[in-house]
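The values are calculated or read from the model by the stated rules, or taken from the named source; none is laboratory data. Keep in mind the model is a prediction, meaning the values are calculated, not measured. Cβ placement follows ideal geometry from the backbone for every residue including glycine, while neighbour counts extend to all protein chains displayed.
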Amino acid sequence: MADAFERTLIGRAPSFQAALRTAAVAAATDVSVLVLGETGTGKELLARALHAESPRSGGPFVSVNCAALPEELAESQLFGHRKGAFTGAVDNSPGMVASAEGGTLFLDEVGELSAGLQAKLLRFLEAGEYQPVGAAAPQRANVRLVAATNRDLFQEVRAGRFREDLYYRLHVVPVELPPLRERPGDVSLLLERLTADLADRYDLAAPRFNSAARARLEAYAWPGNVRELRNLCERLVIMLPGWEVGPGNLPEELGREEAAPAGPFTLPETGLRLDALEADLIRQALERTAGNRSRAARLLGLTRDTLLYRLKKYAIQA
């Protein structure tokens, strides 16, 4: 594995390592990469590592949070503008695309772009051209694009909220980062690394975790993923430097346990239709994951391809 990936993305879970291998192979090319994953899984860290291991590593890495772009200024901020193009445009502005010349442009939460900006981004991807607001002619830029989203963009396409042609231009090499709850053993690994790094940063002694605290942390679902774990480590380093941390030192929400599942399923006396039960469970999984097929497949213990086959089999629209 390339050095930048090993330094910044910590984990040994097979699904996580598979994602890193895909990204490392893509890094050597100029192909567009779409990074998928829940909030807090490390999508920007992966994009930065991909840039660092690419032939463009000597160029700039420009990160854009598409969800934070003001609607009325989004085009100007991305593609630049000419002086006098609109009220408040008192000088020329190159925009973020031009600022990434020779390097990598990272578009986080790309699914939040408006329809108009999606069309302009598609043109840039296809022709390498963009037109600053108020400019008389288009300009060219030599930029590699990496995009990220926590949405199911395929579902967004089907719902008419995302352009299908842009989706396929971005989806050349998809890399999906698994959530922390699906990375067995990685919580302890991250715990050690993060507390050590943060203790060095603050010049404090790192706290130690007893076995009961470790068990509690391993059992927690981590809805905020690695970002949530890092925030906890930072809090404990600052508040409990050098201490032995037990379950009583952990936030209350980490102590909540979900009810244990019921025993083995009992077949009703009247029987049941297995295909109807399976179809209903698939619909429930899709509803719980807001239509995200990859996450629904994980809830059901299926591969994504198997889920797609069963969606077709039962004619389920997802």
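Structural remarks
- For first residues located in region 183-207 and at pLDDT 95 or above, partners that are among the polar types (S, T, N, Q) and lie 6+ apart or on another chain with Cβ distances below 9 Å form the pairs ALA206/THR195; PRO207/THR195; PRO207/ASN249.
- Looking at ASP30, ASP3, just one residue is in contact (Cβ under 8 Å) with a residue 24 or more places away in the chain and either loosely packed, with under 13 Cβ neighbours inside 10 Å or outside the structural domain of GLN118 (by TED's automatic domain parsing) (or both), and that residue is ASP3.
- Boolean, ALA297 is outside any loop (DSSP other than H, G, I, E, B), over 26 Å from the mean Cα position of the chain (by Cα) and at pLDDT 80 or above: no
- Of the residues making up region 166-211, those that are part of a helix (DSSP H, G or I), acidic (Asp, Glu) and more than 20 Å from the chain's Cα centre (by Cα) number 3.
- Filtering region 219-230 for residues that are hydroxyl-bearing (Ser, Thr, Tyr), surrounded by 15 or more Cβ atoms within 10 Å (Cβ to Cβ) and modelled with pLDDT of 95 or more leaves an empty set.
- Looking at VAL173, VAL157, VAL146, just one residue is free of Cβ contacts under 8 Å to residues at least 24 places away in the same chain, of a type in the set (Val, Ile, Thr) and over 30 Å from LEU254 (Cα atoms), and that residue is VAL157.
- Test result for VAL157, touching a strand residue (DSSP E or B) at 6+ places or on another chain (Cβ under 6 Å), crowded, with 16+ Cβ neighbours inside 10 Å and either modelled with pLDDT of 95 or more or among the hydrophobic types (A, V, I, L, M, F, W, C) (or both): no
- Filtered residue count, region 284-294, keeping only those that are buried (at least 17 other Cβ atoms within 10 Å of the Cβ) and in a helix (DSSP H, G or I): 4
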